[in-house]
Amino acid sequence: MALIKTQALVIKEIGVGEADKIITLFTPKNGKIQASAQGARRPKSRLIAACQFLCYGDFVLYKGKEIYRVSQAEVVESFYNIRNSIEKLSYATYFVELTSEVIEENYGGSQLLKLLLNTLHMLSVSDKKPKLLKIIFELRLMSIIGYAPNLVACTNCGSPESKMYFNSTVGGLICLKCMAGMKSRNNFTISEGALYAMRFILYSEMNKIFSFEVSEKVQEELDAITQDFILTHIGKEFRSLKFLKNMANAGELYPFI
């Protein structure tokens, strides 16, 4: 019998029958794993707490005929505070959706899991604006999966000019001369503050990437850049992100979504 003992984050749950669940786990060594949690929806089930969306726990799984089955599960971190805010829960759902899009079954992703867990922790316990956490998460995720933008010099000609723009299609900075000869969807003016923040996110150690603040103006600038970068290279718009935008348009979130 194939047995796996692992810590994992529940990134999806689907009810099956009257009391069971199919959960998707994000593990550090095996990437995404689907597992059946029998009876996990019963109020007195020993699996009920750890088999909920966003719970991080210790799992013992064994291989069934088709998918793994959850034999044991204990909560390590539930990120409880996230569940008390529809805004935070919506951001957390987006972080999970984006992560799930770029990871594969049976493909390890310990750095990406660490990033996701650290971001959820900051979302749960810190007073940092969720919007800034989103920007940090998006940019560092893209770096981890091999799409780190060039933030050193012009991506096209290598010019180190001080005045630069950002272009998602070419994958980073671009000078005015090269930009003039390009046919591209979006060229973003990038301020010194935004460029410094992006470099800090990309080049700092993982445990330091959240240790800065920016003005709302720079935050808006960064958000436009990272959203375009994600759309260009991932090629997908996420439902959770659309929901956040709709909430902002309705005045239920701060106005610079």
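Quick note: the coordinates plus some simple rules give every number you see, no bench work behind them. All values derive from a computational prediction rather than experimental measurement. Backbone-built Cβ (ideal geometry, glycine too); neighbour counts: all protein chains shown.
Structure above, values below:
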quantity	calculated
Gained length - Val125 relative to Leu231, 0.36 nm times residue gap less alpha-carbon distance	35.3 nm
Among beta bridges that DSSP assigns inside the stretch 30-170, antiparallel share in %, nearest 5	75 percent
Angle between the chain longest axis and helix 192-203 axis [Cα atoms, degrees, rounded to 10]	40 degrees
Cleavage-rule hits (GluC sites (Glu not before Pro)) in the stretch 43-136: DSSP loop, at most 12 neighbouring Cβ within 10 angstrom	Glu66, Glu104
Percent RCO, i.e. relative contact order, over the stretch 147-229, from Cα pairs under 8 Å lying at least 6 residues apart	25 percent
Within the stretch 1-56, trypsin sites (Lys or Arg not before Pro) in DSSP loop having at most 10 other beta-carbon neighbours inside 10 Å	Lys44
Separation of the Ser110 and Ile14 label points, Cα + 7 Å toward Cβ, nm	3.1 nm
Structure-derived Cα Rg over 2.2 N^0.38 Å: which label, when the choices are (i) 0.95; (ii) 1.12; (iii) 1.07	(ii)
Extension gain from Glu77 to Lys63, taking 0.36 nm per residue of separation minus the Cα-Cα distance	2.5 nm
The stretch 138-220: trypsin sites (Lys or Arg not before Pro) in DSSP coil with no more than 13 other Cβ atoms inside 10 Å	Lys163, Lys183, Arg185
C-alpha long axis of helix 216-234 to longest principal axis of the chain, angle in °	70 degrees
Translational diffusion of the stretch 1-142, µm² s⁻¹ [Kirkwood Rh, Cα pairs; Stokes-Einstein; 20 °C; 1.002 mPa s]	140 µm²/s
Rg over Rh [alpha-carbon atoms, Kirkwood Rh] for the stretch 3-78	0.92
Links that overshoot a 28 Å alpha carbon limit, given the list Lys44/Lys245; Lys131/Lys163; Lys63/Lys134; Lys21/Lys128; Lys63/Lys88	Lys44/Lys245; Lys63/Lys134; Lys21/Lys128; Lys63/Lys88
